[in-house]
1. Do we find that D100 is part of a loop (DSSP other than H, G, I, E, B) and either within 13 Å of F159 (Cβ to Cβ) or charged (D, E, K, R) (or both) in this structure?
2. When the stretch 129-157 is examined, which residues are found to be exposed (fewer than 12 other Cβ atoms within 10 Å of the Cβ) and in a loop (DSSP other than H, G, I, E, B)?
3. Within the stretch 103-128, which residues are closer than 11 Å to L142 by Cα and either touching a helix residue (DSSP H, G or I) at 6+ places or on another chain (Cβ under 6 Å) or not in a loop (DSSP other than H, G, I, E, B) (or both)?
4. Testing Y109 on (1) more than 16 Å from the chain's Cα centre (by Cα); (2) over 22 Å from T135 (Cα atoms); (3) in contact (Cβ under 8 Å) with a residue 24 or more places away in the chain, one condition comes back false. Which one is that?
5. What do you reckon, is N160 at positive phi and either surrounded by 11 or more Cβ atoms within 10 Å (Cβ to Cβ) or not aromatic (F, W, Y) (or both)?
6. With the structure loaded, tell me whether K32 is farther than 15 Å from L169 by Cα and either at pLDDT below 85 or surrounded by fewer than 11 Cβ atoms within 10 Å (Cβ to Cβ) (or both) or whether it fails that test.
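The values are calculated or read from the model by the stated rules, or taken from the named source; none is laboratory data. None of these values were measured; they are calculated from a predicted model. Please note: Cβ atoms are built from the backbone with ideal geometry, for glycine as well, and neighbour counts cover all protein chains shown.
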Amino acid sequence: MEKKLTLKGFTILLAYYVLAATTFACKSGSEKSSTEKDNENAIEPSTEVILAPQNKEGFLKLFKGDSTIHRIHLNDKILYESLILKDKRIYNFIFPRITDSFLFEDKYYLKISYPIPFSGTIETTIPDCPDYVLTPLANGILQVVIYNALDLRAVDLKFNYLPSEKDSLVSSVYHFKHIIFD
């Protein structure tokens, strides 16, 4: 989620920068200086603003050079992302879906599920919390109980995907931050 927000923020800032740079760099035709008269045959700067593609539902491929990013979106959220460079998969992230979360007494409960199927194993840890318990439930749901959670503002989850023998996905380590209170 942070990657998605950071990417959107960066894209917006880049668009504003390009727009501002072209606006301030251009002068009216009657106010040409002597250096501008010498450079009348120079190439004009482009005013085209390049925006990142909008999130679409379902499967999306982004190409740049010899790399390809595969993404699966649902309800404007990324469920899966994979980078393929020169026909070799570099990483794959299967993002969790938080199905339930609440604070009860001094414990924080969180239920995690994965909206897309996978054949490997995902090891889940919470590096910043020394006191937690992970319990697998039915239907691939993982329940997380974090103790002494009264001051907890966010949960930083770390996932380690371990592929099965016949898996097309590769081993990947990635992080996911679940915000509790802003």
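1. Taking the combined requirement at face value, the residue does not satisfy it.
2. Answer for the stretch 129-157, where residues must be exposed (fewer than 12 other Cβ atoms within 10 Å of the Cβ) and in a loop (DSSP other than H, G, I, E, B): P130, D131, L137, L150, D151, R153.
3. Passing the criteria: Y109, L110, K111, I112, S113, I122, E123, T124.
4. Of (1) more than 16 Å from the chain's Cα centre (by Cα); (2) over 22 Å from T135 (Cα atoms); (3) in contact (Cβ under 8 Å) with a residue 24 or more places away in the chain, only one is false for Y109: (2).
5. no
6. Here the answer is yes, as K32 does meet what is asked.
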